[in-house]
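So the structure is just underneath, and the comments pick up after that.
The values are calculated or read from the model by the stated rules, or taken from the named source; none is laboratory data. Remember, it's a predicted structure, so these values are computed and weren't measured experimentally. In this analysis, Cβ positions are derived from the backbone assuming ideal geometry, glycine residues included, and neighbour counts consider all displayed protein chains.
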Amino acid sequence: PAILAIESSCDETSASVCVDGAILSNVIANQTIHEAYGGVVPELASRVHQQNIVPAVQQALLNAKVSKNDIDAVAFTRGPGLLGSLLVGVSFAKAFALAKQIPLIEVNHMQAHILAHFIAEKKPSFPFICLTVSGGHTQIVLVKDYFDMEVIGQTLDDAAGEAMDKTSKILGLPYPGGPLIDKNARNGNPDAYKFPEPQIPGFDFSFSGLKTSILYFIRDNVAANPNFIQENMNDICASVEKRIATILINKLKKAADEHGIKDVALAGGVSANTGLRNLLTETGEKNGWNVFIPKFEYCTDNAAMIAIAGYHKYLKGEFIGQDVAPLARMPF
Ligand code: ATP
Ligand code: MG
Ligand code: FE
């Protein structure tokens, strides 16, 4: 089947075409308008989605060399995400399916981040464990089948991506700061500063304490030396990145050990992070894991992951009616 997929849950408008499980295009329109505000402004995000959705779909069809008349189904992100952003993608998908008389497939954005691993040649085998780290979520997921997933650990407060973005804001870097922390960290000493590791039971996480300790650390040092941030930017970024990566991988290891699982995957926007990717690779080598790390374009939000999830739902004949509405919160 030829599937057109739409992603619009946050601030990326994305469209992808997938034919028989092969991704033929993945067009991502990023929104730069939010940089000035230090975070995504929901009202502005929906307006930009509205402007970009039709061009993104046209480009995705063009890149894939597939005519809109040859599309067999439309997959779309139903949630979780910003309601106004989701509405644009859901409405477009419904209108397209209605016009072409083809079925609709709803996709859970967080499941899709994980299912992005089924785009690559080398696929994990069930059951595997996935650490999903993104702007809004930090989850350890036991993946028993394509759509049979159990969240066995999650953050009690901030997400890992939020911790990255809030730290960068404290350092005066623009939004989204995660990629900038990554870039600066590559030239810094990760052991320059020690930040605390929270003691949270089970497989859960907490990042709000870390954020506060970074805030106080910066405040106190800037009081003593107004140029502290500029002079030590790379070391601060490297130390924060190392701490976040260590917190994440220690819990992931605990989960893999207790469940006796050797197939371990990483997903979500923060999986683009160099320090985290390296630490997972090292930990995997030490423990004899098969490690799965997505290609960069499939880490942050993209419609290819919605397309591959949609393809597997198509094979199961799981379609949804025209009365479907987006969900800001959408558990598995
Ligand atoms: P969710 O998937 O939870 O709904 P989202 O869709 O906004 O949230 P993603 O697009 O998956 O999140 O990820 C965005 C997050 O990833 C941001 O917090 C961003 O700072 C972070 N991020 C992206 N690249 C990197 C990187 N190289 N290093 C660290 N963080 C990164
Ligand atoms: Mg984004
Ligand atoms: Fe996402």
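Worth a mention:
- Segment 111-139 - residue that is within 16 Å of ligand 2 (Cβ to nearest atom) and among the β-branched types (Val, Ile, Thr) and, of those, farthest from Asp158 (Cα to Cα): Thr132
- The listed residue being within 16 Å of Ala160 (Cβ to Cβ) and away from ligand 1 (no atom under 16 Å from the Cβ), out of Ala272, Ala245, Ala267, Ala255: Ala255
- If the condition is being touching an Asp or Glu at 6+ places or on another chain (Cβ under 8 Å) and surrounded by fewer than 21 Cβ atoms within 10 Å (Cβ to Cβ), then segment 183-201 contributes Asn189, Pro190, Ala192, Tyr193.
- Residue count, segment 294-310 (criterion: surrounded by 24 or more Cβ atoms within 10 Å (Cβ to Cβ) and under 20 Å from Gln58 (Cβ atoms)): 7
- Here is the figure for segment 106-135: residues that are modelled with pLDDT of 95 or more and within 15 Å of the chain's Cα centre (by Cα) total 16.
- Leu173 vs. criteria among the aliphatic types (A, V, I, L, M), assigned to a loop (DSSP other than H, G, I, E, B) and buried (at least 17 other Cβ atoms within 10 Å of the Cβ): yes
- Arg47 being among the basic types (Lys, Arg), touching a strand residue (DSSP E or B) at 6+ places or on another chain (Cβ under 7 Å) and either at pLDDT 95 or above or more than 16 Å from ligand 3 (Cβ to nearest atom) (or both): no
- Selected residue (only one of Ala256, Ala265, Ala325 is over 23 Å from Ile23 (Cβ atoms) and surrounded by 15 or more Cβ atoms within 10 Å (Cβ to Cβ)): Ala256
- Tabulated pairs, segment 239-256, first part of a helix (DSSP H, G or I), second surrounded by 23 or more Cβ atoms within 10 Å (Cβ to Cβ) and polar (S, T, N, Q), C-beta under 8 angstrom, 6+ apart or interchain: Val240/Thr167; Glu241/Asn273; Ala245/Asn273; Leu248/Thr138
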